[in-house]
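Colleague: Would you mind keeping the following structure in view while I ask a few things?
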Amino acid sequence: GVDLQVCTSRNPTCCTKKMEERYQTAAKQDIQQVLQTSSATLKFLVSRNAAAFQETFEMLIRLAENYTSTLFCTAYRNMAAEATVRIQEFFTDVGLFIFGTDVSTEEFVNRFFDTLFPVVYNHVINPGLTDISLEYAECLRMARRDLRPFGNIPRKAIGQVGRSLLSSRTFLQALNLGIEVINTTDHLHFSKDCSRALLRMQYCPHCQGLMVSKPCLGYCLNIIRGCLANIAEVDLHWRGYIQSLEELSSAMSGSHDIEHVLLNFHSLVNDALVQAHIHGPELSEQVKKICGPPVRKPTQSPGCSFDQNKDNQGLKMFSRDSEETLTNRRKEFITNLRLYRAFYGGLADQLCSSELAAADGLPCWNGEDVVESYTRRVVGSGIKAQSANPEVKVKGTDPVISRIIDKLKHVIQV
C-alpha cells in the first residue's frame, strides 16, 4: 500500500489503494446513516403532524360546507339548490387558500355574498312564480356591494375568515418547511477534506489491524464539528422557527380559531339572510332604481337536492371531538417539538458521545495511533470556530444550507 492517500503510516499496512477507496465510500455512507438515524424521530414527529393537521382541515371544510348547505335545506328550502352551488364554490376557495394557492380571502368571501344576493332577492326579497332572468341576476350581483343587503355581515366574515385561514395556512406551510429542513440536513454534501477526515477517523485504524479502537472524543468532535459546521449555522434559526410556531399556535384561538370560524359560518350566513329579509321592502325599492323592475323567465328552482346523510357518520364523530382535538393536538405537538430546540446546535456532540467516539478513560484513536488521550485543541461549533480546527479545513458556507436558512428566516417573518 505505498500509494495510499489518507491512511498512510510508518508501520506496515493491511490496505491497498482499492480498499482505501472502498473505505472512503463506507465512511461517507456511515455518517449519512448516523445523521438520518439521529433525526428520524424528529422527522416523524413533524411529518406525521403535518399530515394529521392537513387531514383535519380537510374534514373541517367538509363539515362546515355540510352545515351551511343543511341550513338552506332546513330553513330556506326553495333556494337550497341554487345556494348549494355558491356554497361549494366558496368552500373550494377556502381549501385552495389553506393548502397554499394564492387566492384572496376578501375576494372569495365577497364573491360568495355577491352571487348569493340574486338568489336571496329571487326567493326572499321579491319572490315570484318564476325566476329572474340571468341579465337581471347579473345586475343584482354587481349592485350587492353598494346596496349592502346583508348589512355588515360580509365585512365581519372577511375579518374572521381572513385571520383564521391565514394562521392555519401559515402553520401548515411552516410544518412542511420543517420537513424540508430535516431532509436537507439529512442529505448534506460533504467536502473532500471532510470525507478524508472521516475516513482517517473511522477506517484508517483497520489498515493497521486495529479493528476495535474507537476515536478519541476530542478528535471525533473536531472532525464532526468541522463536517457539520454548516448544519450548526441552522441552530439559531431553527430555535427561532420553533419559538414562532409556538407563538402562532397559541394565537390560533378565539377569532383566529379555524374550527370556530368555519363551523359557525352557517350562522353568519343565516344572520345575513335575516338582515335581507327584514329590509326587504326598502331593498326592493333600491333594486328597482338600479336594475329596473324584475325581469323574469319561466323556470322554477328545484328544491333541496343536497344529500345530508352522505358524510354525516364520519362528520358527527369528528364534530364531537374536534373542539378539543385541534387545540390539544397543536399543544401536544409544540410540547414535543420543543424538546428538539437545540437539535442542530448539539448534533455533532450527540453523534460523537452516543455513537462514534470511545468511552471516557479508554485508549482511543487520534488519527495516527492509539493513545491514552487526545492532546490537540478542540474547537467549538459553527463555521467561525473552524478556522482553528486542527483536523478539518472548512471553506465558507454551503449554498444549500444558506438557502434553507433563508427559508426559515422568511417563514419566521410570515
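Colleague: On the accessible surface of the chain, probed at 1.4 Å, how many percent belong to carbon and sulfur atoms?
Modeller: 52
Colleague: Additional query: Only one of the values [x] 155; [y] 147; [z] 177 was calculated from this structure for volume of the Cα convex hull per residue in Å³; name its label.
Modeller: Of the labelled values, this structure produces [z].
Colleague: How tilted is helix 280-291 with respect to the longest principal axis of the chain? Cα atoms for both, answer in degrees (0 to 90, nearest 10).
Modeller: Between the helix axis and the principal axis of the chain, the angle is about 80 degrees.
Colleague: Given the Cα-Cα distance of E135 and R296 and 0.36 nm per residue of separation, how much length would full extension add, in nm?
Modeller: 57.0 nm
Colleague: While we're here: Could you work out the helix-only [θ] at 222 nm for the chain, with each DSSP H run of four or more residues adding -39,500 (n - 2.57) and the total divided by the number of residues, to the nearest 500 deg cm²/dmol?
Modeller: One gets -21500 deg cm²/dmol as the mean residue ellipticity at 222 nm.
Colleague: While we're on this one: Whole-Hz Karplus ³J(HN,Hα) for the stretch 111-120, in order, using 6.51 cos²θ - 1.76 cosθ + 1.60 and θ = phi - 60°, x for Gly and Pro?
Modeller: Each residue's phi maps through the Karplus curve to give 4, 4, 5, 4, 6, 6, 4, x, 5, 5 Hz.
Colleague: For C15, what residues show an amide H to amide H distance below 5 Å, using hydrogens built from the backbone and excluding near sequence neighbours?
Modeller: Placed amide hydrogens put nothing under 5 Å from C15.
Colleague: Which whole-Hz ³J(HN,Hα) couplings does the stretch 104-110 yield from phi under the Karplus relation 6.51 cos²θ - 1.76 cosθ + 1.60, θ = phi - 60°, glycine and proline marked x?
Modeller: Those phi angles translate into 8, 5, 4, 5, 6, 5, 4 Hz.
Colleague: I'd like the orientation of helix 312-338 relative to the chain: the angle between its Cα long axis and the longest Cα principal axis, in ° from 0 to 90, rounded to 10.
Modeller: Helix 312-338 sits at roughly 40 degrees to that axis.
Colleague: Relative to the first principal axis of the alpha-carbon coordinates of the chain, what is the inclination of helix 192-202, with its axis defined by its Cα atoms, in degrees from 0 to 90 and to the nearest 10?
Modeller: Helix 192-202 sits at roughly 60 degrees to that axis.
Colleague: Another question about this same structure. Which whole-number percent is the relative contact order of the chain (Cα, under 8 Å, 6+ apart)?
Modeller: Once normalised by length, the contact order is 29 percent.
Colleague: With every protein chain present, what is the per residue accessible area of the stretch 121-239 (1.4 Å probe, Å²)?
Modeller: 39
Colleague: Which residues' amide hydrogens lie under 5 Å from the amide hydrogen of S133, considering only partners 5 or more residues apart or on another chain, with H built in the peptide plane?
Modeller: Amide H neighbours of S133: V295, R296, K297.
The values are calculated or read from the model by the stated rules, or taken from the named source; none is laboratory data. Since the structure is predicted, the reported quantities are computational estimates derived from the model, not experimental observations. The accessibility values were calculated without ligands, DNA or RNA, using every heavy atom of the protein model including side chains. Shrake-Rupley method; radii C 1.70, N 1.55, O 1.52, S 1.80 Å.
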